[in-house]
Each structure stands twice: as C-alpha cells, then as structure tokens.
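Encoded as structure tokens, the structure appears first; notes follow it.
The values are calculated or read from the model by the stated rules, or taken from the named source; none is laboratory data. What you are looking at is a predicted structure, and each value in this text was computed from that prediction instead of being measured. Cβ placement follows ideal geometry from the backbone for every residue including glycine, while neighbour counts extend to all protein chains displayed. Note: areas computed on protein heavy atoms with side chains; ligands, DNA, RNA excluded. Shrake-Rupley method; radii C 1.70, N 1.55, O 1.52, S 1.80 Å.
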Amino acid sequence: EVKLVESGGGLVRPGGSLRLSCASSGFIFNAYSFNWVRQAPGKGLEWVSYIGSSSISLHYADSVKGRFTISRDNVKNSLYLQMDNLRDEDTAVYYCARDRDGDFVYPEYFDLWGQGTQVTVSS
Amino acid sequence: IVMTQSPLSLPVTPGEPASISCKSSQSLLHSNGDNYLDWYVQKPGQSPQLLIYLASTRASGVPDRFSGSGSGTDFTLKISRVEAEDVGVYYCMQALQIPLTFGGGTKVEIK
C-alpha cells in the first residue's frame, strides 16, 4: 500500500524543540520530492517546507525560516522536520505531502498526504 | 501571492452542479504556458487530497465530474453533478512562487 505515516508530535513548551518524522511505504521514496504542510486548529492549510529528491533544493515559509529544518534519509525512506524555538503559533496538525516524481527546484503539487501529527506548543 | 476563494460556504443539492472561484493577487501563468494552480479537498476527518493540478489536469483517480479551468488570476473548480461524498472543504493553492499559498477554503455541504 502506498502511504505516508507521520510521527513525533506532542506537547512542548514555547522555546522547545520537536523532530517530526514521516515514514513512507509502497513507492520509491528517493525518486520523489516532499513537503510539510500544517493546519492550525479550525484553520486552513499552510505550506511549511519543501525538499527535492536529492536534498539540494530546500525551501521554507517565512514564518519558520531559521527555526525549522527539513531533511530526508533515502536509505530509511523517511522525511523529517526539525522544529526549534517553537512558538504558540506553531500549534497545528503537521502533514507530510509527496510532490512530483523527480528532483525539481520548486514544489508543484501534493499527490499523497499522510494522516498528520499534532504539535501543541503551550506553557 | 494572496489567494481568495468564494463563496465561503456552498450549500448544494445532490445531482446539481457546483462552482467555486479562486482568484490570485498575481498571475499564475508561467512562461512555459502552464498555470500553477492546484485544487485540494479535505473531507470531514480526513487529510487533504489532490483533485486538480496545473489548473485543469485531474489527478489520478479523480472522477470526471470534477473539472478545473481558468488562467492568469481567475480560476474555477466545477462539479458537474454533486454527490453526497463530495462534502468537505475545498482549497486552491498557487505553486508559481515560494512561499506556496492556499486560499481560505470553501465549505461544500449538502442542503
């Protein structure tokens, strides 16, 4: 079965850190680019970050630049999001989302999504 | 790029057509001739799923009652005959420029 499964969410205090993981199965992970997208409680979707298949192309939303780091391990077929210096406004469900098949400089569309992992930042 | 959807809420009758508008603050037409506009739906309790990419290309497995049109700054998602399973929040997203941005969403519900 083709799927993405996120993990690593939880409750963290402002200023703290979390590392999200996204495990893939059912397709050739290293052929695809990936994104992280988040959804605050009761709100719409917000794109967070992108990584190309070779990890050369990296992009971030301004709201997380300098605090979040996207990475991938093509041997473990996994995507990661290291989140540091977390703020209240980072509270959201975080989804990993597969982009196109290929090593592109920019994201284009998200054809496979995980179920999401909840991150809550609160004192 | 700011994405603006309308309406906010769309009550629909099964079997009837439905239409959602999405406008961008800048043209999404790339020099390669493609419009970098995608449509997603988030059904109740589920993750979002891709419906349309590059403004008018249906994603794999998407029923042909869904169609996307438009160019430049004005785009439309049409459902030719709404079914009960189509309820959810529909989002447009521009992929022309970093940061990618979504519209605020249109909630489709059955009358």
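Looking at B:SER27, is it outside any loop (DSSP other than H, G, I, E, B) and more than 17 Å from A:GLY44 (Cα to Cα)?
So B:SER27 fails the test.
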Of A:ASN30, A:ASN35, the only residue that is open to solvent by less than 30 Å² (accessible area, probe 1.4 Å), touching a strand residue (DSSP E or B) at 6+ places or on another chain (Cβ under 9 Å) and touching a residue at least 24 places away in the same chain (Cβ under 8 Å) is A:ASN35
Those strands (runs of 3 or more DSSP E) lying entirely in the stretch B:35-111 with at least 1 residues open to solvent by less than 20 Å² (accessible area, probe 1.4 Å) and farther than 21 Å from A:PRO107 by Cβ: B:66-71, B:74-79, B:88-94, B:106-110
Only one of B:GLY70, B:GLY45 is more than 9 Å from every other protein chain (Cβ to nearest Cβ) and without any contact (Cβ under 8 Å) to a residue 12 or more places away in the chain, namely B:GLY45
Lone unmet requirement of (1) of a type in the set (S, T, N, Q); (2) more than 14 Å from every other protein chain (Cβ to nearest Cβ); (3) within 13 Å of the chain's Cα centre (by Cα) for B:SER56: (2)
Which of the residues that make up the stretch B:19-67 are under 16 Å from B:GLY104 (Cα atoms) and acidic (Asp, Glu)? B:ASP38
Here is a list of conditions, (1) surrounded by 13 or more Cβ atoms within 10 Å (Cβ to Cβ); (2) of a type in the set (Ser, Thr, Tyr); (3) within 10 Å of another protein chain (Cβ to nearest Cβ), and B:SER24 meets all of them except one; can you say which number that is? (3)
Counting only residues in the stretch B:78-100 that are of a type in the set (Ser, Thr, Tyr) and more than 7 Å from every other protein chain (Cβ to nearest Cβ), the one nearest to A:ASN35 (Cα to Cα) is identified as B:TYR90
